[in-house]
Amino acid sequence: MELTFAQQSLAFLWSIALGAAYGVIYGAVKILRLALRFGRAVCIAADIAFMLLCSLGMFLFMLAFISGFVRLYPIFGAALGFFAYRMTVGRLLERIYCPLIEICSAAFKYIFAHLKLFAKNLLKIARKILYNINVIIKAKCFDRPGRSASCERRVDGYEKKQNNRYKRSGSKRCSNAKHGG
């Protein structure tokens, strides 16, 4: 089955529109990369993901419009649409979103600095709370002379873990904490 000239022309025009859509997607990815300022590895991963998205899009486009035939004119049309978008509307949008990126970047830096300070203070408070809980448990279980049986078991288990060389609980030698000397 051969493609008619009308089908080929229509496929070429739609491939130009597809290329312009790729330009819009690339602009969005570029805005995110510049605003969040990730490292090189993330930029490379974003470019590879964009390339795979474009490849999948071209494959599906060729399946839909030209019955799965691989032709160069849809690829050329997509590249033409991409570069036409980037040189016209893309440049205009860059003049708008570059100052917005700087504002957003400063806002992200301010927000993340305050979140970091908040998390640091929260961790300090949590550490103090856990320390106080530990002190209370030690005071209730370890320092009272009339301990309950459950506290005795916990204390014995703790002493056994501390003193590894005595493996049997009925050994003749005892730990100093049990007999006070």
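Put a plus charge on the Cβ of each Lys and Arg, a minus charge on the Cβ of each Asp and Glu, and nothing anywhere else: the dipole of segment 1-113 about its Cα centre is then about 400 debye. Remark: the Cα gyration tensor places segment 59-119 in the oblate category, a/c being 1.5 or greater and a/b not exceeding b/c. Only protein atoms count toward the accessible area here, which uses a 1.4 Å probe; on segment 1-91, the carbon and sulfur part of that area reaches 78 percent.
Here the Karplus curve 6.51 cos²θ - 1.76 cosθ + 1.60, taken at θ = phi - 60°, turns the phi angles of segment 28-39 into couplings of 5, 5, 5, 4, 5, 5, 6, 6, 8, 6, 7, x Hz, with x standing for Gly and Pro.
Please state, as a whole number in µm²/s, the translational diffusion coefficient that the Stokes-Einstein equation yields for segment 11-63 at 25 °C and 0.890 mPa s, with Rh defined as the Kirkwood radius across alpha carbon pairs.
Details: Rh = 12.0 Å.
Taking Rh from Cα pairs, D becomes 205 µm²/s.
Computed from phi, the 3J(HN,Hα) profile of segment 109-118 under the Karplus parametrisation 6.51, -1.76, 1.60 (θ = phi - 60°) reads 4, 5, 5, 5, 5, 5, 5, 5, 5, 4 Hz, with x in place of Gly and Pro.
Computed with a 1.4 Å probe over protein heavy atoms only, the accessible surface of segment 1-106 comes to 66 Å² per residue.
Within segment 1-136, the ratio Rg/Rh, alpha carbon atoms throughout and Rh by Kirkwood, equals 1.30.
The values are calculated or read from the model by the stated rules, or taken from the named source; none is laboratory data. Quantities reported herein were computed from a predicted structural model and do not represent experimental measurements. We place every Cβ from the backbone using ideal geometry, glycine too, and count neighbours over all the protein chains shown. Each accessible area value is taken on the protein alone, full model and side chains, heavy atoms only, with ligands, DNA and RNA left out. Shrake-Rupley method; radii C 1.70, N 1.55, O 1.52, S 1.80 Å.
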